[in-house]
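One structure below.
The values are calculated or read from the model by the stated rules, or taken from the named source; none is laboratory data. Keep in mind it's a predicted model, so treat the numbers as computed, not measured. Note: ideal-geometry Cβ built from the backbone for every residue, glycine included; neighbour counts use all protein chains shown. Protein only, heavy atoms only, side chains kept; ligands, DNA and RNA dropped before computing areas. Shrake-Rupley method; radii C 1.70, N 1.55, O 1.52, S 1.80 Å.
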Amino acid sequence: MIRFEGGEAPSTNLDSILYEGFGELRKARSAEDARIEAYVGVLEPETLRGQIAYVNNEGRLFRDPVAILVAHLFNHQTHHRGQVTAMLAETDAPYPVLDMHRILIPEPLLS
């Protein structure tokens, strides 16, 4: 989100441990979700037509359309839900429904 907000993301290794415990992670995730909702809630078409320049973790400079990056932000979450599903499927532990529409609307609406 920092790049959408005009800042530069710090370079981190993709295997870095950012939070030691689940409580810390949950709190950070809730805060990040609030940032995403706040950003998207006031997103203007003009902003979507813009570009964001950034340096990736490999040190390469990119300039990408905001519209593509916003789509990627949400689509990438699908990738991570798939990773979680694959990891949990390898265990005997039950895991929650990870379908986005069931997360957003836990119970079906009946007519």
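Worth a mention:
- Computed in the context of the full set of protein chains, the accessible area of the range 1-43 at 1.4 Å probe radius has 56% of its extent on carbon or sulfur.
- Over all orientations, the range 49-104 has a Cα convex hull whose mean projected area works out to 5.6 square nanometres.
- Loop sites in the range 1-95: GluC sites (Glu not before Pro), DSSP, at most 16 other Cβ within 10 Å: Glu5, Glu8, Glu20, Glu58, Glu90
- Rounded to the nearest 20, the Cβ-based charge dipole of the chain about its Cα centre (Lys and Arg +1, Asp and Glu -1) stands at 200 debye.
- Longest exposed-site-free window of the chain, the sites being trypsin sites (Lys or Arg not before Pro) in a DSSP loop that have at most 12 other C-beta atoms within 10 Å: 61-111
- Prolate/oblate/rounded call for the chain, Cα gyration tensor, a/c under 1.5 rounded: oblate
- In terms of overall dimensions, the C-alpha atoms belonging to the range 1-63 reach 40, 31, 13 Å along their principal axes, ordered largest to smallest.
- Amide H contacts under 5 Å for Gln51, placed H, 5+ residues apart: Val66
- Taking all protein chains into account, the per residue accessible area for the chain stands at 82 Å² (1.4 Å probe).
- Against the chain, whose longest principal axis comes from its Cα atoms, helix 22-41 is set at around 50 degrees.
- Three-way shape call for the range 29-76 based on the alpha-carbon gyration tensor, with the a/c threshold at 1.5: oblate
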